[in-house]
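Take a look at the structure set out below.
The values are calculated or read from the model by the stated rules, or taken from the named source; none is laboratory data. Not measured: the values here are computed from a predicted model. Note: ideal-geometry Cβ built from the backbone for every residue, glycine included; neighbour counts use all protein chains shown. The accessibility values were calculated without ligands, DNA or RNA, using every heavy atom of the protein model including side chains. Shrake-Rupley method; radii C 1.70, N 1.55, O 1.52, S 1.80 Å.
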Amino acid sequence: AIRNDEGVIEHVFGTFQDITDNKKKEKELKESERKFRLLVDNTNDWEYWIDQNNEYVFISKACEEITGYSVEEFYNQPDLFMDLIREDYKKEVFNHYHAKERTGPLHTSEFPIINRENKEVWIEHSCIPVFNKDGKFLGRRGNNRDITQRKHLDDSLRSIQEMLLSSQ
């Protein structure tokens, strides 16, 4: 603003900028985020993403249903997941998580964890490397699924088969 000798504004200058595209992109981003949250917050699978340093970038809420520990506890205690793994599987899982070659194809495994209530929960774990559009390794996306019921059914079926074979 330009004022005269008495302090009265005589001229006002300004600029205008069309932000329509920015507002449209912002709205699209919010809608995309809403869809993402709807999907990951309502899955029974524990989804996560770890970066190149094995630090969590994202953890879905299902971790709490499976382990009894909150998302925040996993962020605040980076070794919590490894601490939950049943002792006889720790070395195998540790070696996988800290392997030098972390950019290979899809990896799957099964192992038990001990949840907050001190109950054994069997996990089907799968992970795959994540890259940006230029091929730079960004970490791994993982999925942990509770397969405890399936494991118990498999054990029951195996017992029945053994009984049938032994009775012949």
Where a residue in region 127-139 is within 18 Å of Ile59 (Cα to Cα) and in a strand (DSSP E or B) and its partner, wherever it lies, is of a type in the set (Phe, Trp, Tyr) and open to solvent by 40 Å² or more (accessible area, probe 1.4 Å), with Cβ under 7 Å and at least six apart: Val130/Trp49; Leu138/Phe131; Gly139/Trp49
The lone exception for Trp46 - which of (1) farther than 29 Å from Gly135 by Cβ; (2) touching a residue at least 40 places away in the same chain (Cβ under 8 Å); (3) surrounded by 14 or more Cβ atoms within 10 Å (Cβ to Cβ) it fails: (1)
Residues of region 79-102 satisfying the condition of being surrounded by 14 or more Cβ atoms within 10 Å (Cβ to Cβ) and farther than 16 Å from Ile123 by Cα: Arg102
Those residues of region 97-145 which are among the acidic types (Asp, Glu) and within 18 Å of the chain's Cα centre (by Cα), in sequence order: Glu110, Glu124
Residue match in region 52-75 (condition: open to solvent by 30 Å² or more (accessible area, probe 1.4 Å) and on the phi > 0 side of the Ramachandran plot): yes
Of the criteria (1) without any contact (Cβ under 8 Å) to a residue 12 or more places away in the chain; (2) farther than 28 Å from Arg150 by Cα, which one Glu87 fails: (2)
Among residues of region 108-124, those that are touching a residue at least 24 places away in the same chain (Cβ under 8 Å) and either within 14 Å of Cys63 (Cα to Cα) or open to solvent by 10 Å² or more (accessible area, probe 1.4 Å) (or both), counted: 10
